[in-house]
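The values are calculated or read from the model by the stated rules, or taken from the named source; none is laboratory data. What you are looking at is a predicted structure, and each value in this text was computed from that prediction instead of being measured. Glycine gets a Cβ as well: all are built from the backbone with ideal geometry, and neighbour counts include every protein chain shown. Ligands, DNA and RNA are stripped out before the accessible areas are found, and what is left, the full protein with its side chains, is counted by its heavy atoms. Shrake-Rupley method; radii C 1.70, N 1.55, O 1.52, S 1.80 Å.
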Amino acid sequence: MRVYYSDTFPFPLPAGHHFPADKYRLLRERLLATPDARGHELLEAPRVTRRQLALVHDLAYVDAFCSGTLDAAAQRRIGLPWSAELVERSLRSCGATVAAARAAWREGAAIYLAGGTHHAHRDFGAGYCVFNDCAVAARVLQSEGVAGRVLIFDTDVHQGDGTAALFARDPSVFTCSIHGARNFPSRKQRSDLDLPLADGTGDTEFLAAVRDGLRRSFAAARPAFVFYLAGADAWHGDALGRLAVSAAALAHRDAMVLQACADADVPWVVVMGGGYAPDIRDSVQVYLQTVLAALTLAPRLRS
């Protein structure tokens, strides 16, 4: 199975910035130290192309960000200070999900050890998200004629507002978001299926929402391909999550989603989504169990 990474393209952050950029490097290191990862192919992320980005994003925004001429307010909305290294990482991060999607279409499944940048809209970024990786990858698959109907199933604790807005009038891409009702962003968009959860939601209610979301999404979307944004930030100890979901319940979530893909016999890509535990190793542990579930439950390579 192909597993993509982009942590070898770090970007500088000022002292005291609270984005945990090291979590992706730690995840790859943990994965490499895990016997269950043996026999799988770890691949460095390629760059997304300008033509691929144009399938989703306004090129004036793309060019301004890449050249460092985005205005200060727009850069603050992204939440990360501009640097040439951030540009490289953003291009690689989006390119990794595109590459994973192409690999999954051929082979049944693939993983990206980051991604899930679902707050990026057509002409602006937000919430640490520059380009919307799953949206771009979905459009690439469609433009290449290999996947007509796509499901983007998002269980990150923050609503996938960018994804919802990008596909608001497109029946070929079904968006489902299971998220904290009072969490970021304050202004929600309308997904095809939104399942908002109250602060303090625990395992039983969370898993019921996942089960309901899967049933309704697969019935409505009839997808030929699935992007699964997992997220570690629903975990009860996450600094930004507001929910009370255990790591065991998140592992159950992963199994439910991947089993639904298997039952529908559709290829899938899993990306990590958010994770902001005070001790970032706790988020990495949740990511790792998602990756190991994907490696375990992945279909055999397509003939």
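Brief remarks follow.
- Taking the range 1-46 and dividing mean pair separation by its residue count, relative contact order in percent (alpha carbons under 8 Å, at least six apart): 68 percent
- Extension gain from Ser83 to Glu144, taking 0.36 nm per residue of separation minus the Cα-Cα distance: 18.7 nm
- Ellipticity estimate at 222 nm from DSSP helix runs (n ≥ 4, -39,500 (n - 2.57)) divided over the chain, nearest 500: -13000 deg cm²/dmol
- Based on C-alpha pairs under 8 angstrom that are at least 6 apart in sequence, the chain has a relative contact order of 20 percent.
- Its residue count N fixes a reference of 2.2 N^0.38 Å for the range 198-253, and the Cα radius of gyration divided by that reference is 1.22.
- One Cα centroid belongs to the range 1-76, the other to the range 99-160; the line between them spans 13 Å.
- Cleavage-rule hits, trypsin sites (Lys or Arg not before Pro), the range 29-75, DSSP coil, Cβ neighbours within 10 Å at most 12: Arg38
- Computed extension gain for Arg122 through Asp58, at 0.36 nm per residue and net of the alpha carbon distance, reaches 22.5 nm.
- Put simply, the C-alpha atoms of the range 217-303 give a gyration tensor, and the ellipsoid matching it has half-axes of 26, 14, 10 Å, longest first.
- FRET efficiency for the Arg182 to Ala264 pair, using the beta carbon distance and R₀ = 45 Å, is estimated at 0.90.
- DSSP-defined antiparallel bridges as percent of all bridges, the chain, nearest 5: 5 percent
- Look at where the Cα atoms of the range 193-245 and of the range 264-303 average out, and the two centres are 14 Å apart.
- The Kirkwood hydrodynamic radius of the chain, based on inverse pair distances between different Cα atoms, is 18.7 Å.
- Label zone of Arg51 (point 7 Å out along Cα→Cβ, amide N under 16 Å): in the range 131-165 this covers 137, 139-146.
- Separation of the Arg38 and His17 label points, Cα + 7 Å toward Cβ, nm: 3.9 nm
- Modelled this way, with points 7 Å down the Cα-to-C-beta line, the labels at Arg190 and Thr8 are 4.6 nm from one another.
- Seen from Ser191, the other residues with C-beta closer than 10 Å to its C-beta sum to a net charge of -2, counting Lys and Arg as +1 and Asp and Glu as -1.
- Rolling a 1.4 angstrom probe over the range 112-246 with all protein chains present gives an accessible area of which 50% lies on carbon and sulfur atoms.
- Expressed per residue, the C-alpha convex hull volume of the range 1-142 stands at 99 Å³.
- Computed over protein heavy atoms with a 1.4 Å probe, the accessible surface of the chain works out to 41 Å² per residue.
- Trypsin sites (Lys or Arg not before Pro) within the range 110-160, DSSP loop, no more than 14 other Cβ atoms inside 10 Å: Arg122
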